[in-house]
Amino acid sequence: MSEIDRLLLLQGHIACRLQPKGRINRLSDVEFSVSSQFGEDGIIEWLVDKLDPKSTKFIEFGVENFHESNCRFVMQNRNWKGFVIDSSKERIAELAKRQYYWMHHLVSTAAFVTSENINYLIEASGFSGQIGILSIDIDGNDYWVWDAINVCQPDIVIVEYNSFLGDRYAVTIPYQPDFNRFAAHPSGRYCGASLPALQQVAETKGCTLVGSNSAGTNAFFVRNALAWPVLDTIADRRALPTRMRHSRTRDGGFAFHRHARDVAALLSRLPVVDVVTGETTTFGDLAEPYSEEWLQHL
């Protein structure tokens, strides 16, 4: 382990000790980041401490080389077993060279995740059945893949949602097995699903929303049978919209917009599926996609 990793882990241990153990307002109150992109490490530690999952296994896909990920800290800090997937063979090969790869029980595979292959990949890895955490971040068919999973039963589910699709409609991109967000639209913002769409999947799988990170990118769900210690402890379990306001340009650069609405306007002519009715329409044909509450945060 490098000296930097040691310092990061020490930082995480200290943060864990300083976490509030009583009632909190939002999940963002317990955020800290060691290897996660935002504050997911702290949220996961707090949820695991409250829920005490019986399984200490996780599955995470869309991890790149796993250097920045949601579950790396719980693996190193609590010695959980993990199965990770990324579409890049090069990134998975890079992961296999990391010291923590052989120091922990970490299984990895290179595969482009689809609704058709996800259950096979999980079963082949030996991680089917009860697991502690399922983390989904594939910038595309997130809704469809989560909906398709039926070979594992996670206690905690972390799924990236697309804030730009709003909080009033349960919509997602139409399913396309080889979906690539930059091929679909150069902005890179046409992907994934709205938060209400993910809540629809959660309901069918017996899970409930307990909040999001403060960045407004990852939603956290907990299995209903275990949720009461968390539900009794979080005052406000609503997810937040992102305040990011950038998109990609056709040449791969960044464009910075004055408001998130300007990003959403780029998607107006693109199709979305209402997961409740099954109907397909364009995003621009929907009435106001943002509630007043989200507009205030945006």
In the range 96-145, how many residues are buried (at least 22 other Cβ atoms within 10 Å of the Cβ), part of a helix (DSSP H, G or I), in contact (Cβ under 8 Å) with a residue 60 or more places away in the chain and not β-branched (Val, Ile, Thr)? 1
Sort through Val107, Val63, Val74, Val84 and tell me the only one that's farther than 22 Å from Asn218 by Cβ and under 20 Å from the mean Cα position of the chain (by Cα). Val107
Odd one out for Lys205, checked against (1) charged (D, E, K, R); (2) in contact (Cβ under 8 Å) with a residue 60 or more places away in the chain; (3) more than 21 Å from Val63 (Cβ to Cβ): (2)
Any chance the range 268-279 includes a residue that's out of contact with any helix residue (DSSP H, G or I) (no Cβ under 7 Å at 6 or more places or on another chain), surrounded by 12 or more Cβ atoms within 10 Å (Cβ to Cβ) and of a type in the set (Val, Ile, Thr)? yes
Taking the range 183-212 and keeping only residues that are hydroxyl-bearing (Ser, Thr, Tyr) and either more than 21 Å from Leu51 (Cα to Cα) or surrounded by fewer than 24 Cβ atoms within 10 Å (Cβ to Cβ) (or both), one is left with Ser187, Tyr190, Ser194, Thr204, Thr208
I'd like to know if the range 240-252 contains one or more residues that are surrounded by 13 or more Cβ atoms within 10 Å (Cβ to Cβ), touching a Ser or Thr at 6+ places or on another chain (Cβ under 8 Å), part of a loop (DSSP other than H, G, I, E, B) and of a type in the set (D, E, K, R). no
Residues being part of a helix (DSSP H, G or I) and small (Gly, Ala, Ser) - total across the range 161-184: 3
Out of (1) outside any loop (DSSP other than H, G, I, E, B); (2) under 26 Å from Val145 (Cβ atoms); (3) among the hydrophobic types (A, V, I, L, M, F, W, C), what's the single condition that is false for Ala255? (2)
If I ask for residues that are touching an Asp or Glu at 6+ places or on another chain (Cβ under 8 Å) and under 26 Å from Ala124 (Cβ atoms), which ones from the range 36-53 would you list? Pro53
Residue identified as within 22 Å of Asn25 (Cβ to Cβ), loosely packed, with under 15 Cβ neighbours inside 10 Å, touching a Lys or Arg at 6+ places or on another chain (Cβ under 9 Å) and of a type in the set (Gly, Ala, Ser) among Ala235, Ala215, Ala287: Ala235
Some residue of the range 73-82 being modelled with pLDDT under 95 and at positive phi: no
Using the structure shown, decide if Thr281 is of a type in the set (Ser, Thr, Tyr) and part of a loop (DSSP other than H, G, I, E, B). no
Being assigned to a helix (DSSP H, G or I) and either in contact (Cβ under 8 Å) with a residue 24 or more places away in the chain or closer than 17 Å to Arg238 by Cβ (or both), is that true of even one residue in the range 210-227? yes
Determine the pairs where a residue that is more than 22 Å from Gly22 (Cα to Cα) and modelled with pLDDT under 95, located within the range 36-60, has a partner that is outside any helix (DSSP H, G or I) and among the aliphatic types (A, V, I, L, M) with Cβ atoms under 9 Å apart, the partner being 6 or more residues away or on another chain. Gln37/Ala215; Phe38/Ala215
Kindly list, by first and then second residue, each pair from a residue in the range 267-291 that is closer than 20 Å to Trp144 by Cβ to a residue that is among the aliphatic types (A, V, I, L, M) and part of a loop (DSSP other than H, G, I, E, B), limited to pairs with Cβ atoms under 7 Å and residues at least 6 apart or on different chains. Val272/Ile173; Asp274/Ala170; Val275/Ala170; Val276/Ala170; Thr282/Leu270; Phe283/Leu267; Phe283/Leu270
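The values are calculated or read from the model by the stated rules, or taken from the named source; none is laboratory data. Values in this document were obtained by computation on a predicted structure and should not be read as measured data. Ideal geometry is used to build each Cβ from the backbone, glycine not excepted, and the neighbour counts take in all protein chains shown.
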